Amino acid sequence: MKVKVYPVKSNGNLLANASIEIEGIVIKGFKLVEGRDNDFVSWPSQKGKDGKYYDQVFALNKDIRREVEDKILDEYEIVKANEEKKERRGRR
């Protein structure tokens, strides 16, 4: 599984957008959100006619869900650290 994370520079709770590639299929629409206690991954969803959001992609068990979310969170930390290094180099 490949994960790509795209940090978002905003003042809101959205930290990044992400996509995953599994066996030649790319799934976009994951969002990394800053929560009250912890950051969390929101899976691709769509707003229904009733105003509620419904998942468009979901894992068939908790282990797969946890693996996807952990990889997205880990990749975000790597991307964020690399961006911070670039910013520090630019200030010199």
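Considering only Asn17, Asn61, Asn82, the mean-square fluctuation computed in a Gaussian network model of the chain, springs between alpha carbons under 10 angstrom, is largest for Asn61. Under the combined filter of DSSP loop state and at most 13 neighbouring Cβ atoms within 10 Å, the stretch 28-89 retains these chymotrypsin sites (Phe, Trp or Tyr not before Pro): Phe58. Between Gln46 and Lys28, the modelled label-to-label distance comes to 1.5 nm, taking each label 7 Å out from Cα in the direction of the beta carbon. Within the set (i) 17, 40, 26, 13, 4, 1; (ii) 15, 43, 30, 9, 2, 0; (iii) 17, 53, 27, 3, the number that P(r) over Cα pairs in 10 Å bins from 0, in percent takes when calculated for this structure is listed as (ii). Using a Gaussian network model of the chain whose springs link C-alpha atoms within less than 10 Å, name the residue from Glu67, Glu23, Glu77 with the highest mean-square fluctuation. Looking only at Glu67, Glu23, Glu77, the biggest GNM fluctuation is shown by Glu23. Pairs of Cα atoms nearer than 8 Å and 6+ residues apart set the relative contact order; for the chain it is 22 percent.
I'd like the carbon and sulfur percentage of the solvent accessible area for the chain, probe radius 1.4 Å, heavy atoms only, ligands and nucleic acids excluded.
Here it works out to 47 percent.
For Lys4, the lysines whose Cα comes closer than 21 Å to its Cα, not counting residues fewer than 8 places off in the same chain, are Lys28, Lys31, Lys71, Lys80, Lys85, Lys86. The string of couplings for the stretch 18-32 from the Karplus curve (6.51, -1.76, 1.60, θ = phi - 60°) is 8, 9, 10, 10, 10, 6, x, 10, 9, 10, 9, x, 6, 10, 9 Hz, one whole number per residue in order, with x for Gly and Pro.
Net charge dipole, the stretch 17-77: roughly 480 debye, given to the nearest 20, about the Cα centre with Cβ charges of +1 for Lys and Arg and -1 for Asp and Glu. Placing unit charges on the Cβ atoms of the charged side chains and taking the dipole of the chain about its Cα centre, the candidate lying farthest along the positive direction among Tyr6, Ile22, Phe40 is Tyr6.
For the chain, the longest principal axis of the alpha carbon atoms and the long axis of helix 62-91 meet at an angle near 20°.
At a probe radius of 1.4 angstrom, the accessible area of the chain per residue rounds to 80 square angstrom.
Under a Cβ-Cβ cut-off of 12 Å, what is the net charge of the residues other than Val26 that fall near it, where Lys and Arg count +1 and Asp and Glu count -1?
That works out to +1.
The values are calculated or read from the model by the stated rules, or taken from the named source; none is laboratory data. Everything numeric here is computed off the predicted structure, so don't read it as measured data. Every residue, glycine among them, receives a Cβ derived from its backbone with ideal geometry; neighbour counts consider all protein chains shown. All accessible areas refer to the heavy atoms of the entire protein, side chains included, with ligands and DNA or RNA removed. Shrake-Rupley method; radii C 1.70, N 1.55, O 1.52, S 1.80 Å.
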